[in-house]
Amino acid sequence: MKDLQEATERICELKGSLVALDALVPALVEALGASTRARLVDTFDAHAEAARTVMLHADISDVVLATFERDVARNRAVLQRGTGPAQAATPAPKVDAMLLATTRVTTFSGARVLSVASGFYFRRADRLFLVSNRRVFADAARSHRPDRIEIGLHADARDLTRYTVVSLPLYRDGLGLWRATADTGGAVDVAALEVPAGHWPADAAAHAFDPRHIEARDEKVAIGDALTIVGFSAGFNDTLHHLPMARNATVASPYGIRFQGLGAFLTDARTHPCSDGSPVVRRRVQDGAAAAPAWQLLGVHSSRVDANALEPPRGDSMGLCCAWYADVLLALTADR
């Protein structure tokens, strides 16, 4: 009888502690900025997925699993809205963060539109970069010389129709603002343009890839592995919600080997113009050992190739594309 009374008292204490946490968490979330909350949601999703994987392979009752899923959904809603649990009953749209981290890139010369491409956001510590192909920013061979670009971002993770367009200059004092590099194979067709903090709206849903997405961990990438390429192929997208489209592909050349000596590998993606600069990703194997992003960023999509060079084909297409290895981003976004 005494043991039962002690157990009942302990349960009551736990209930009181949970109520106190329910009051603390929303207060902490409300004190955070929108961009910090967005990053916290991504981290929370990764940890929740790891915990879910462990629980599904453990001897745990269905009641515990159901309670876990209920509270994960409730806490995620609190993080997204920064309000109390009672106000977070309506769930946010279930959209993969990778889609919100990908953007349409429009280049301009003055007020004249020059081209449309794809790009994605990459965060390095507290700095945010737009990543795309180098030739999106400048391509002397094709006399492509824009002076500014426009990129888009979602202003509200709950209402995807709220969309903000940001204009960024490409030059200052006659010097290009984007970061580019070369290696032993020559110029790399990847560039990163830093997005100044003042150009990023405070209420924007700031989703971005980061170095964790590039980490290989213990996973091996093999020829024939399934890939996803997300972008604005042919300029086509969901214009109501401003979301990109995804194309399936596979690894078409040995990953880790520099195709024709360049810092790239091949994919067999069926893409169209304007998809250049899209992220090339692979879904990770979630083993529950540690929290990690659901996607591994393998490369940056570039032009179709023929049998002889990494250039657009002049005849029949082989249906192959180039993906520049994503680890170049670590060099491009390093502190200078």
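In table form, for the structure just shown:
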{"read-out": "Loop-located GluC sites (Glu not before Pro) in region 189-270, at most 16 other Cβ atoms within 10 Å (DSSP)", "value": "Glu215, Glu219"}
{"read-out": "Options Phe259, Phe209, Val230, ranked by Cα towards positive dipole end of region 159-267, top entry (Cβ charges)", "value": "Phe259"}
{"read-out": "Residues Arg123, Arg217, sorted so that the one with the fewest Cβ neighbours within 10 Å comes first", "value": "Arg217, Arg123"}
{"read-out": "Long-range HN-HN contacts of Trp295 with modeled amide H, under 5 Å", "value": "Arg284"}
{"read-out": "Difference of contour (0.36 nm per residue) and Cα-Cα distance, Asp71 to Ser167", "value": "30.6 nm"}
{"read-out": "Listed peptides 127-136, 246-255 by packing density, highest first (mean Cβ within 10 Å)", "value": "127-136, 246-255"}
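No lab work stands behind these numbers, since they all come straight from the coordinates. Everything numeric in this text was worked out from a predicted model, so none of it was measured. Heads up, the Cβs are rebuilt from the backbone with ideal geometry, glycines too, and the neighbour counts pull from every protein chain shown.
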